[in-house]
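Working notes, beginning with the structure itself.
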Amino acid sequence: MKPALAAVALALLGAAPGVGYMYPPVLPVGVATEVQLGGFEFTPDVEIHSLDPRVAVEKLGPPGEFLVPGPPYWFGTKSRTKAFPIPREVSARINITKEMSPGIARWQVSNASGASRCAAFLVEVGNVVVENRHRDDPQTLQSLPVTIAGRLSRIAEVDRYHFTPSQDGPLTAELIARRIGSDFHGVIEVRESNGLRLADVADTEGQDCDVTFAVEAGKTYSVRIFDVDFRGNQSFVYALRLTPGPRVLLTRPTSGRRSQSRDVVFVGYGLQSGTAQLERVSRTVDFPDHHEPTFSYRLETPAGTTSVELGLNDIDEIVEPERTEISGPTAVNGSLESVGDEDRYTLEVTKGDVWCLSVETGVLGSPLVPILRVLAPDGSELVKKDGTGGGHCALEFTAAGDGPHSIVIGDISAEVGTPLSIYRLIVKPARPDFTLSIPQRISFEAGGKASITVQLLRSGGYNGEVALEVTGLPAGVTAPAELCIPGDKNELKFELTTAKDCAATATYLGVVGVGKIGSDSVTRIAMASAEGNLCPRDPSKHRVPSMLFTRTMKAPLSISWVGRETQHERPRGSTFPAELEIKRQDGFDGEIWLMMLSAQSRHRQGIRGPIMKVPAGAQRVIYPVFLPEWLETDRTSRMVIVAMAKVIDVQGKDRYVLVPSGRLCMILEGSLMKVDGGAAEIDARPGTSFEVAVDVLRRPKFTEDVTLEISVPDDVKDLFRAAAVVVPMGETRAMIRVDTTADRRLHPEQKLTVRATALQDGKWIAASETAVTVVFGERVDAR
C-alpha cells in the first residue's frame with residue numbers, strides 16, 4: 001500500500017495505540033530502571049503491560065510531547081518514502097527479578113481505542129552502560145566485557161566508542177537491533193587509534209551483525225555504529241556487546257542425548273591459538289539429564305573460558321554419516337559444500353507409516369535456507385517444503401509403499417561452502433499429538449461480545465476432539481459452558497460475553513486444550529505469536545501463552561477538514577490555519593483535544609501541529625499546521641490529525657478515545673520572509689562578547705515586525721546570553737550582541753541558530769532560521 005493510502009486507511013480504521021521502542025533498550029537483571037517508552041496514539045489513561053510475570057512495569061506519568069525529528073532531513077527522492085511514525089514517550093520504572101534469564105522480554109500497551117502489538121527489549125547480566133556522549137565525540141568505555149545501550153536518533157549520526165583492552169586476543173563486537181524491533185540495518189566499523197580500519201561488517205540481510213577481530217593489550221580502539229543508509233530515528237535503539245576472549249560459532253553436533261557422553265567439535269575464533277583465527281577443538285561433553293531444552297557448557301581454551309549453549313534431546317545425534325541409510329528417530333548434523341549440492345538419506349519404511357521430518361538452519365546460526373523433499377521408492381516426489389520463513393521447515397509424510405524412501409536436503413541461499421553452512425535434520429515416527437494457536441490480542445465493548453478463533457494443528461494422524469477452557473476471565477466476562485473442537489475440525493470460533501459494568505482494565509487471558517491420545521488425557525496450552533523481533537531465528541522462542549483482552553469504547557464524535565478535497569497553497573515558513581468541522585454525537589459535549597496522528601505519509605521534514613484543547617461545544621475550530629521554510633515546493637505535504645475525547649465509562653472512570661481526520665493536502669510556495677546571517681565565520685574568545693549581523697528579507701505585502709533570537713545547543717546553553725532584537729517593519733538589518741562565559745566547552749567552535757519570528761495576521765507564527773558558526777580562539781580564564 002502506498003504511504004498516502006496507508007494514512008487514509010488508518011484514519012478510516014481508527015487509532016489504536018502502537019508501541020515503538022524502549023530507551024534504554026538494555027536492562028540489567030535484579031534492579032529497577034527508569035525508562036522511556038516510545039509509542040503512538042498514547043492517551044493519558046494508556047496502560048502498560050508486561051508479558052512476563054518476572055518483569056514489573058510501573059507507569060510514572062502521562063505521555064509527553066510529540067518528538068518531531070529535527071534536522072538534517074531527506075530531500076528529493078528519499079523524502080517521498082514512507083515517514084517514520086512520530087512518537088510520544090511515557091516514563092516508566094521496570095523491575096526485573098533475579099529469576100529472569102538473559103534474553104528478550106516484551107511489553108505492550110492498551111487504551112480505550114484498542115491494544116498494540118508487542119515490543120521487545122534486552123535483559124542482560126553483567127556490565128551495562130547507557131550511551132552518554134557529548135555531541136559527536138566518542139564515549140570512552142572503562143572496562144570489558146560491556147553491553148552498551150545506544151540510539152541513532154538522527155540522520156547521518158555515527159556513534160563512536162573508545163576502549164582499551166587489557167589482554168591480547170580476539171574480541172567480538174555484536175550489534176543487537178532488529179532483534180529488539182529497531183528497523184534499521186546496522187554497520188559495525190572498528191578502527192585503530194591511527195584511524196586505520198581494522199574490521200567492519202554490514203547487516204545487509206536484516207539479521208543483525210557481528211565481527212571478531214584481534215586486539216593488543218594497552219592499545220586504544222574505536223568502534224563505530226551507523227545505519228547502512230545513514231538513516232536515523234528516535235526508534236533506532238540498539239545494544240552493542242563488546243566481549244573479549246574466544247568465540248564459538250557452532251558445534252558439531254549441535255545437540256546431545258540426555259545422560260550421554262560424546263565428543264563435540266567446537267568451531268570458532270581463538271579456540272587454540274588465542275588469535276582471531278577460525279579454529280576447531282574437540283571436547284568430551286557430558287550431557288545432563290534434565291528436562292530443559294538446552295544447557296550451558298563452559299569451554300576452557302588457552303585464551304580463556306567461554307560459555308556455549310548446547311541442545312538436549314532424547315534421540316541419537318549423527319554427524320555427516322558415511323552411510324546414507326538412517327533409521328528413526330534420529331538427528332543428522334550435515335553441511336552443504338557447493339551451490340546446487342543436495343544431501344540424500346535413505347529411510348526404510350512400511351506403507352502407511354507416518355513420519356515427521358524437520359530441518360533447522362537459522363536457529364543454529366546457519367545462513368542456509370533449506371529445501372526438504374521426500375521421494376517415493378520409484379523416485380516420484382511425495383512432498384516438498386522450504387525454509388523461506390526463517391531457516392526452518394517441517395513436514396509429515398505417509399509412506400507410499402514398502403521400501404526405501406529418499407530424504408533430500410537442498411538449499412536456495414547459495415550461502416554454502418563455509419563452516420557455518422550446516423543443517424540439522426530430525427527424523428522420527430509421527431506420534432498423534434496437537435498444538436493450539438490463539439490471537440495475541442482481542443478487544444470488546446462493554447455489554448457486547450468478543451470473538452475468538454482457536455486454531456488446532458493436528459500431527460501424527462491425531463483425529464480426536466479437543467475440549468477448551470478459557471482461563472483468567474475477569475469479573476463480568478463469561479465464556480460458553482462447553483467449548484470443544486470436533487475430531488473433523490481444525491478450529492473453533494466462539495464469543496465471550498461481557499457485562500455492561502465489566503472492568504475497563506485490560507487483562508491477559510489463556511486457553512487450555514485437553515484431548516485424549518490413546519487412553520491418556522493430554523493438556524496443551526494455546527500459544528500466540530508475539531511480535532517485536534524483526535529477525536526471529538527460532539519461532540518457538542517467540543510464542544507466548546496469553547492474549548491481551550482489552551475493553552474499547554466508541555468515539556462520540558467525528559472530525560473532518562473543511563475543504564479537504566482542495567490542495568491548499570501555503571507559503572513556506574508559515575502557519576496554515578486549517579479549519580476543522582466537529583460533529584458531536586449522542587449528546588456528547590465533553591472535552592476534546594486535537595493533535596497530530598503519529599502515522600503520517602512521506603517524510604515530515606519538521607511539519608508539526610500542537611496538542612490543542614477545543615472549547616466546549618465548538619463545532620468548527622482552526623488547527624494551526626506549521627510548515628518550515630525548507631519544505632520542498634515540488635511535492636505535496638500532508639497532515640492527518642486525531643481528536644481525543646474524554647469520556648466516562650460505566651464504572652465512572654475517565655477514559656480517552658481517539659478518532660482520526662481525513663488527509664489535508666498542502667502545496668508549498670515561496671517564504672513570507674528570510675533571515676540571513678551571512679556565510680562568514682565569526683571569530684571570538686571565550687568570556688568576551690561578539691555581534692551577529694543579520695539581514696531580514698520580507699515579501700512586499702508582509703510588513704510585520706520581526707523578532708530575532710539566538711538558539712544555542714543545550715550542552716552549552718548556560719555559556720551564552722543574548723537579548724531578543726526586534727526589527728521593525730521597513731528595516732532589513734540588525735545586530736545581535738552575544739555575551740559568553742569563559743569555559744573550555746566553547747573551544748574550538750560552536751554553531752548557533754538565529755531564529756526570526758513574526759505574527760501573520762497578528763496571530764499565526766511565521767519563522768525563518770539561519771546558522772552561524774563562531775570560532776573561539778585562545779580561551780580567557782577557561783576552567
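No lab work stands behind these numbers, since they all come straight from the coordinates. Since this is a predicted model, take the numbers as computed values, not measurements. Note that we place each Cβ from the backbone using ideal geometry, even for glycine, and neighbour counts take in every protein chain shown.
In Å, what Kirkwood hydrodynamic radius results for the chain from the alpha-carbon pair distances? Show your work: numbers first, answer last.
On the way: mean 1/r = 0.0327 Å⁻¹.
Evaluated on the chain, it is 30.6 Å.
Quick one: which residues, 5+ away or cross-chain, put their amide H under 5 Å from the amide H of Ala599? H built at 1.01 Å from N.
For Ala599, whose amide H was placed from the backbone, the distant partners under 5 Å are Ile86.
How far apart, in nm, are two points set 7 Å out from the Cα along the Cα-to-Cβ line at Glu581 and at Asp286?
Here the answer is 8.1 nm between the modelled labels.
Using the per-residue mean of other Cβ atoms lying within 10 Å as a proxy for protection, in what order, highest first, do the peptides 161-173, 193-205, 520-532, 246-258 fall?
Numbers: 161-173: 19.5, 193-205: 12.8, 520-532: 16.6, 246-258: 21.3.
Taking the mean over residues of other Cβ atoms within 10 Å, the ranking is 246-258, 161-173, 520-532, 193-205.
What pairs from Lys385/Lys489; Lys384/Lys516; Lys554/Lys646; Lys82/Lys541; Lys554/Lys583 go past 19 Å between their alpha carbons?
Pairs exceeding 19 Å: Lys385/Lys489; Lys384/Lys516; Lys82/Lys541.
For a quick check of your reading of the filter: which GluC sites (Glu not before Pro) in region 273-324 sit in a DSSP loop and have no more than 12 other Cβ atoms within 10 Å?
Glu322
Using R₀ = 25 Å, calculate the FRET efficiency as 1/(1 + (r/R₀)^6) where r is the Cβ-Cβ separation of Arg323 and Lys428; round to 0.05.
In this case the efficiency is close to 0.85.
Which is farthest toward the positive dipole end of the chain among Leu752, Val201, Leu534, measuring Cα position about the Cα centre, with Cβ charges +1 (Lys, Arg) and -1 (Asp, Glu)?
The one lying farthest along the dipole's positive direction is Leu752.
What is the spin-label model distance, in nm, from Thr707 to Leu395 if the labels are put 7 Å beyond Cα along the C-beta direction?
7.2 nm
Below 15 angstrom from the Cβ of Pro253, what's the summed charge of the other residues (Lys, Arg +1; Asp, Glu -1)?
Net local charge, Pro253 excluded: -1.
For Lys613 and Glu569, compute 0.36 nm times the residue count separating them, minus their Cα-Cα distance, and round to one decimal in nm.
13.2 nm
Could you compute the FRET efficiency for Lys653 and Ser459, with r as their C-beta to C-beta distance and R0 at 56 Å, rounded to 0.05?
The value I calculate is 0.75.
If I stretch the segment between Asp200 and Ile412 completely, what's the gain in nm (0.36 nm per residue apart, minus their alpha carbon distance), one decimal?
Details: separation 212, 0.36 × 212 = 76.32 nm, distance 2.64 nm.
Length gained between Asp200 and Ile412: 73.7 nm.
Provide the per-residue ³J(HN,Hα) series for region 611-616, in order, calculated from phi with Karplus coefficients 6.51, -1.76, 1.60 and θ = phi - 60°, each as a whole number of Hz, with x at glycine and proline positions.
3J(HN,Hα) across region 611-616, in whole Hz: 8, 10, 7, 9, x, 4.
Cut-off is 10 Å between beta-carbons; in what order do Met639, Met595 appear when sorted fewest neighbours first?
Ascending Cβ contact count within 10 Å gives the list Met595, Met639.
On each of the three principal axes of the Cα atoms of region 3-124, give max minus min coordinate, whole Å, ordered largest first.
On the principal axes, region 3-124 reaches 50, 33, 23 Å in Cα extent.
Which whole-number percent is the relative contact order of the chain (Cα, under 8 Å, 6+ apart)?
Worked out over the chain, it gives 10 percent.
Out of residues 5 or more away from Val625 or on other chains, whose amide H comes under 5 Å of its own, with H placed 1.01 Å from N in the peptide plane?
Phe576, Ala578
Could you check the spin-label model distance between Thr435 and Ser451? Points 7 Å from the Cα along Cα→Cβ, value in nm.
Label-label distance for Thr435 and Ser451, simple model: 2.6 nm.
First select every other residue whose beta carbon is under 14 angstrom from the beta carbon of Ser282; then total the charges, Lys and Arg +1, Asp and Glu -1.
Overall, the nearby charge balance is +1.
Quick check of the Kirkwood formula: for region 389-457, what is the inverse mean of 1/r over all pairs of different Cα atoms, in Å?
Answer for region 389-457: a Kirkwood hydrodynamic radius of 17.5 Å.
Could you please state, rounded to a whole Å, how far the C-alpha centre of region 277-326 is from the C-alpha centre of region 537-554?
34 Å
Mind checking the angle between helix 3-13 and the chain's longest principal axis? C-alpha axes, 0 to 90 degrees, to the nearest 10.
With rounding to tens, the tilt is 80 degrees.
Apply the Karplus parameterisation 6.51 cos²θ - 1.76 cosθ + 1.60, with θ equal to phi minus 60°, to every residue of region 30-37 and state each ³J(HN,Hα) to the nearest whole Hz, in sequence, with x for glycine and proline.
Per-residue couplings from phi come out as x, 9, 9, 10, 7, 9, 10, 9 Hz.
How many percent of all Cα-Cα pairs in region 318-429 sit more than 23 Å apart?
22 percent
Tell me the mean residue ellipticity at 222 nm calculated for the chain from its helices only (DSSP H runs of n ≥ 4, each -39500 (n - 2.57), averaged over every residue, nearest 500).
On the way: 1 runs with 11 residues, N = 783.
Per the formula, -500 deg cm²/dmol.
Return the long-range amide H neighbours of Asp316 (sequence gap of 5 or more, or a different chain), with a cut-off of under 5 Å between placed amide H atoms.
Ala331
Could you name the lysines in cross-link range of Lys763, using Cα to Cα under 23 Å and dropping any fewer than eight places away on the same chain?
Lys613, Lys674, Lys701
Can you compute the FRET efficiency between Lys351 and Gln207 using 1/(1 + (r/R0)^6), with r the Cβ-Cβ distance and R0 = 41 Å? Round to the nearest 0.05.
So, using R0 = 41 Å, E works out to roughly 0.45.
So how do Tyr23, Tyr73 line up by other beta-carbon neighbours within 10 Å, fewest first? Provide the component values of the computation, followed by the final result.
Numbers: Tyr23 21, Tyr73 18.
Ranking Tyr23, Tyr73 by Cβ neighbours within 10 Å, fewest first, gives Tyr73, Tyr23.
Restricting attention to region 58-94, which GluC sites (Glu not before Pro) occupy a DSSP loop and are surrounded by at most 12 other Cβ atoms within 10 Å? Numbers along the way, then the final one.
Details: sites: Glu58, Glu65, Glu89; in loops: Glu65.
Here the GluC sites (Glu not before Pro) that fit, given the DSSP loop and packing criteria, are Glu65.
Taking the Cα centre of the chain as the origin, how large is its charge dipole in debye, to the nearest 20, when only Lys and Arg (+1) and Asp and Glu (-1) carry charge on their Cβ atoms?
Result for the chain is approximately 1980 debye, rounded to the nearest 20.
Within a Cβ distance under 11 Å of Pro63, other residues only, what is the Lys/Arg minus Asp/Glu net charge?
Within the 11 Å Cβ shell, the charges total -2.
If Rh is defined by the Kirkwood formula over all Cα pairs and Rg also comes from Cα, what ratio Rg/Rh do you get for region 639-783?
Radius of gyration relative to Kirkwood radius: 1.18.
Using the Karplus equation 6.51 cos²θ - 1.76 cosθ + 1.60 (θ = phi - 60°), what ³J(HN,Hα) coupling, rounded to whole Hz, does each residue of region 57-73 give in order, writing x for Gly and Pro?
Each residue's phi maps through the Karplus curve to give 10, 10, 6, 9, x, x, x, x, 6, 5, 9, 5, x, x, x, x, 10 Hz.
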